[in-house]
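Novice: Here it is: the structure, laid out below.
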Amino acid sequence: MILVLIAGLAFSMPAAAQMGGGMGGMGGGGGPQSGGPTGPAERPKFRDHIHNQDALPIGREHGDKVVSSVRIVGNRTLSEHEILQKMQTKKGRFFSREVLLGDVHRLNEMRSFDHVTFKTEETDAGVNVSFIVHERPLITDVVFFGNRGVNNRDLKGRAGLEVKDPLSEFSVESARRRLIDYYKGEGFNQVAITSTIGYQDKPGMVIFRINEGPLERINSIRVIGNTLLSEARLKKLIKSRGPFLKLGYYTFNVADMAKIDRDVDILAATYHNLGYLTATVGRRISYSENGKWIDVTFVVNEGNRFKINSVQLIGNQFVTEDSLRQRLELKAGDMFDGTILKRDVGEIVYGYGELGFIYADVQPKTVMRDEENTVDLVYQIEEGDRWKIGEIRVNIEGEPHLMRETVMLNMLEMREGDFIDRRLLEIGRRRMSNSQLLETNPQIADPPDIIVDPREDAF
């Protein structure tokens, strides 16, 4: 296990000194002050420059023959220069079949070709390499017909199709489905969209014909069948909203059926959390005569609250069952409570983390008993491996002479060779974040953090 401390230095300087260093503020010569807002930009490193230019990485070449020529055959839209920029087989370099196969893979990753092959010809001058490509048809235009409630710009952004993109039935069908989902999210639940590829002498044109249907809004929301929780409280839990006292009759009450279905799950989960494990929730939708307004009714069947018959722990080997049970709040005889259950799971995971089992996993399960309204609570534990700290590395961004590694290491109570402790790890993170020596503004530098890097030989 490797701990990597990453931090940026935070230090203040007088306003005048921030414009430059040394004698920059004096009236003498010396040119523009470096580092100031009007000074010259820092020259990029050659390695970064090469990477940005999509050029070849610097490395030692091996081979017996030299590439005498590289040709691209079959390209119509993409220029040969544009294709060659993506390749590592170049004229004058040593020929390598591995590099050649890598170039085929890189060309396929461009998604501009549906077929790529190559041919090689050995001559006295070297190896002539030819890449035979078959370009996919490209989109020449994207057209929408029938849309009134949504403008073309929004539809184009949601479709995700651009001119010169590779044209395929799969991409067009995916765009059509995205448009339908977008329309339904906006309240057009009866929308119908068809797609067509090509029109007359324009084979690259993509056409979407849209029948939006009416924009549906929620007229009212009701909850029936509830006795434990009030209707007002349940309405606060769901995300769908009706009109606000007739004042905002056309505000925030768009009928999103997917959101309404999620509200059903929210209400059911709320009852399950309270111990009503067999509670069910459904919904009824009724439309107005013009189809523009809907009334939503959530139907609740609460059922009975369940009591815990027994609490079982399965899978623990390193930690004793008694020590784990001391961390649990839910016990046999208690009413089931999902909120407390989550806390108990967190306590078990946290306890394992203090002992070095930082990847321990706990899955709670409920098993219905034959006895009425009782349930067995089972914690399925996967302890995983116990990890030691093999190495602690410190990475400080900023002026290196302003901060030493020992200052950072003193913020930690962990040492190399110790079993990693989740509690001490969190304490170290808090100390770094609260330290006045480190920059915490993400707009200036990455906030300080401790990164746990697992290493196979460290446990």
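Novice: Name the single residue that is surrounded by the fewest Cβ atoms within 10 Å (Cβ to Cβ) among those in region 219-241 being touching a residue at least 24 places away in the same chain (Cβ under 8 Å) and within 32 Å of the chain's Cα centre (by Cα).
Specialist: That would be K239.
Novice: Are any residues in region 408-459 among the polar types (S, T, N, Q) and either assigned to a loop (DSSP other than H, G, I, E, B) or modelled with pLDDT under 65 (or both), and if so, which ones? Break it down stepwise before answering.
Specialist: First pass over region 408-459, keeping only residues among the polar types (S, T, N, Q): 410, 433-436, 440-441, 443.
Hits for region 408-459 are N410, S435, Q436, T440, N441, Q443.
Novice: Give V172, V142, V163 a once-over and let me know the one that is in a loop (DSSP other than H, G, I, E, B) and aliphatic (A, V, I, L, M).
Specialist: Among V172, V142, V163, only V163 is in a loop (DSSP other than H, G, I, E, B) and aliphatic (A, V, I, L, M).
Novice: Right, here's the next one. Would a scan of region 66-74 turn up a residue that is farther than 17 Å from K164 by Cα, at pLDDT 85 or above, surrounded by 14 or more Cβ atoms within 10 Å (Cβ to Cβ) and under 34 Å from the mean Cα position of the chain (by Cα)?
Specialist: no
Novice: Continuing with this model, one more query. Is region 267-277 home to any residue that is more than 15 Å from I221 (Cα to Cα), open to solvent by less than 60 Å² (accessible area, probe 1.4 Å), in contact (Cβ under 8 Å) with a residue 60 or more places away in the chain and more than 36 Å from the chain's Cα centre (by Cα)?
Specialist: No, there is no match, as no residue in region 267-277 is more than 15 Å from I221 (Cα to Cα), open to solvent by less than 60 Å² (accessible area, probe 1.4 Å), in contact (Cβ under 8 Å) with a residue 60 or more places away in the chain and more than 36 Å from the chain's Cα centre (by Cα).
Novice: Here's something else I'd like to know. Taking the condition of being open to solvent by 60 Å² or more (accessible area, probe 1.4 Å) and either over 20 Å from D181 (Cβ atoms) or assigned to a loop (DSSP other than H, G, I, E, B) (or both), how many residues in region 248-262 meet it?
Specialist: 3
Novice: Hey, among the residues in region 356-374 that are part of a loop (DSSP other than H, G, I, E, B) and touching a Lys or Arg at 6+ places or on another chain (Cβ under 7 Å), which one's nearest to G384 (Cα to Cα)?
Specialist: Going through the qualifying residues, I end up with F357.
Novice: With respect to D201, is the statement that it is modelled with pLDDT under 95 and over 36 Å from the mean Cα position of the chain (by Cα) true?
Specialist: Spelling it out, D201 is indeed modelled with pLDDT under 95 and over 36 Å from the mean Cα position of the chain (by Cα).
Novice: N395 is checked against (1) of a type in the set (S, T, N, Q); (2) open to solvent by 80 Å² or more (accessible area, probe 1.4 Å); (3) modelled with pLDDT under 85 and fails just one. What number does that condition carry?
Specialist: Only one criterion is unmet by N395, namely (2).
Novice: Which one of E321, E302, E347, E354 is touching a residue at least 24 places away in the same chain (Cβ under 8 Å), of a type in the set (D, E, K, R), over 30 Å from A232 (Cβ atoms) and in contact with a Leu (Cβ under 9 Å, 6 or more places away or on another chain)?
Specialist: E354
Novice: Tell me, which residue of region 153-209 that is farther than 13 Å from V143 by Cβ and among the aromatic types (F, W, Y) is least open to solvent (accessible area, probe 1.4 Å)?
Specialist: Within region 153-209, the match that is least open to solvent (accessible area, probe 1.4 Å) is Y183.
The values are calculated or read from the model by the stated rules, or taken from the named source; none is laboratory data. Quantities reported herein were computed from a predicted structural model and do not represent experimental measurements. Cβ: placed from backbone, ideal geometry, glycine included. Neighbour counts: every protein chain shown. Surface accessibility is based on the protein's heavy atoms, side chains included, excluding ligands, DNA and RNA. Shrake-Rupley method; radii C 1.70, N 1.55, O 1.52, S 1.80 Å.
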